[in-house]
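Inspection log for the structure reproduced underneath, given as structure tokens.
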Amino acid sequence: MSETAPPDVLASTLLAPLAIDVVSVQSQVVYGRVGNNVAVPTLQAAGLSVAAVPTVLLSNTPHYPSLHGGAVPIDWFSGYLEDLDARGALASLRSILVGYLGGPAQAQALADWIGRMHERHPRLHVQIDPVIGDQDTGVYVDPAMLPVYQKALLPMAHGLTPNGFELERLSGRPTDTIAGAIEAARTLLVGHTQWVAVTSAAPESWADGRMRVAVVSRDDAQVVEHERVDAAPKGTGDLFSAMLNVELLAGAPLLDATRHACAGVVDAVGATHRAGSAELLLPTVG
């Protein structure tokens with residue numbers, strides 16, 4: 001380092017960078033409980049150091065009467081990822097958690113970056129929730145996202161957490177039965193992908209007051225059944241993904257991790273319903 005370098009630059013080279021366990025790439029809202037507003041506190045409550053990378057910056061979710069903001073520009077988004085590396089923060093990176101993305105260019109840039117991270121961190125856990133839409137509202141992202149997900153991004157993931165509607169769009173196969181959902185999920189087991197946890201799987205097969213998650217790997221398929229609460233706050237999928245990520249990083253087997261995440265979401269939705277809250281109430285810790 002040159003002797004003429006500013007003192008603050010000299011000092012920064014002597015300090016250890018903040019070590020990041022999880023990079024969480026998701027939406028961010030000023031008001032509400034979705035995306036990183038859900039994932040970051042959930043991950044931090046488990047003692048994990050988190051870098052939150054926003055994909056969109058919005059005042060709130062679109063179901064409210066007013067909405068301000070939009071997708072993060074691609075040069076900003078790519079810069080956020082590259083600068084994390086440039087700061088030396090990713091030497092001990094354990095996981096990348098991906099949720100809602102702002103468009104095809106973001107998805108491609110993220111896939112390229114994850115590919116570079118895979119080369120440096122062979123044990124890296126990448127978990128992607130391919131947010132496309134749901135049965136009630138249909139597709140609510142740019143349709144051009146689908147081929148980028150299929151060809152570039154999803155094969156970079158260790159595990160995927162689509163809902164049944166998203167699985168049908170990604171696989172091009174019917175998912176109205178558990179057997180169909182399992183068969184469709186197995187078509188996504190390419191590249192790095194080892195498992196798929198299909199939330200809200202095959203609704204027509206649900207018993208009264210119950211819901212199902214299909215947990216699928218190459219050599220196994222199990223169904224986790226859990227209580228269905230009569231409430232539908234936004235962000236439950238984000239909470240499920242974050243809680244699942246926490247459990248897997250702690251070493252829990254996939255099926256046990258799925259059961260724990262389902263129970264956590266049911267508790268949170270139940271508390272939200274009882275409180276009459278317009279936004280998801282996160283589980284308390286301790």
field: Efficiency of FRET between Gln108 and Ala231 - r from beta-carbon atoms, R0 41 angstrom, step 0.05
entry: 0.70
query: Any idea of Lys234's accessible area? Nearest 10 Å², probe 1.4 Å.
result: 90
statement: So, with points 7 Å from each Cα along the Cβ direction, the Asp83-Arg218 label distance in nm works out to 4.0
- line: Ordering 193-202, 72-81 by per-residue average of other C-beta atoms within 10 angstrom, highest first, gives 193-202, 72-81
field: Heavy-atom accessible surface of segment 120-229: percent carbon and sulfur, 1.4 Å
entry: 47
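What does the accessible area per residue of segment 179-246 come to in Å², with a 1.4 Å probe and no ligands, DNA or RNA counted?
45
Out of all DSSP beta bridges with both ends in segment 124-223, state the antiparallel percent to the nearest 5.
Taking every DSSP beta bridge with both residues in segment 124-223, the antiparallel ones total about 65 percent.
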query: What angle do you read, to the nearest 10 degrees and between 0 and 90, between the alpha-carbon axis of helix 36-45 and the longest principal axis of the chain?
result: 80
query: Could the peptides 93-102, 164-173 be put in order, highest first, of the mean number of other beta-carbon atoms found within 10 Å of their residues?
result: 93-102, 164-173
task: May I ask you to evaluate 6.51 cos²θ - 1.76 cosθ + 1.60, the Karplus curve with θ = phi - 60°, for each residue of segment 71-80 and list the ³J(HN,Hα) values in order in whole Hz, giving x for glycine and proline?
output: 5, 5, x, 4, 5, 5, 4, 4, x, 4
message: Just to confirm the number: angle between the C-alpha axis of helix 236-249 and the first principal axis of the chain, 0 to 90 degrees, nearest 10?
response: 60
field: Summed residue charge, Cβ within 13 Å of Thr175's Cβ, Lys/Arg positive, Asp/Glu negative
entry: -2
message: Using the Karplus curve 6.51 cos²θ - 1.76 cosθ + 1.60 with θ = phi - 60°, what ³J(HN,Hα) values do you get for each residue of segment 181-194, in whole Hz, with x for Gly and Pro?
response: 5, 5, 4, 5, 4, 5, 5, 8, 7, 10, x, 7, 5, 10
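Where does the charge balance sit around Gln106 when Lys and Arg score +1, Asp and Glu -1, over other residues with C-beta under 13 Å from its C-beta?
-3
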message: Under 10 Å, Cα contacts only: if you run a Gaussian network model on the chain, which one of His125, His260, His63 comes out with the highest mean-square fluctuation?
response: His63
5 angstrom amide H check on Thr55, placed H, neighbours 5+ away: Gln26, Ser27, Gln28
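First select every other residue whose beta carbon is under 12 angstrom from the beta carbon of Glu204; then total the charges, Lys and Arg +1, Asp and Glu -1. Walk me through the intermediate numbers first.
On the way: positive: Arg212; negative: Asp176.
Summing Lys/Arg as +1 and Asp/Glu as -1 gives 0.
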Rounded to 5, the percent of DSSP beta bridges in the chain classed as antiparallel: 45
task: Read phi for every residue in segment 49-54 and hand back ³J(HN,Hα) as whole Hz from Karplus 6.51 cos²θ - 1.76 cosθ + 1.60, θ = phi - 60°, with x for Gly and Pro.
output: 8, 10, 9, 9, 9, x
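The values are calculated or read from the model by the stated rules, or taken from the named source; none is laboratory data. This is a predicted model, so every value here is computed, not measured. Methodologically, a virtual Cβ is constructed for each residue, glycine included, from the backbone with ideal geometry; neighbour enumeration extends over all protein chains shown. Keep in mind that these areas ignore ligands, DNA and RNA; they rest on the heavy atoms of the full protein, side chains included. Shrake-Rupley method; radii C 1.70, N 1.55, O 1.52, S 1.80 Å.
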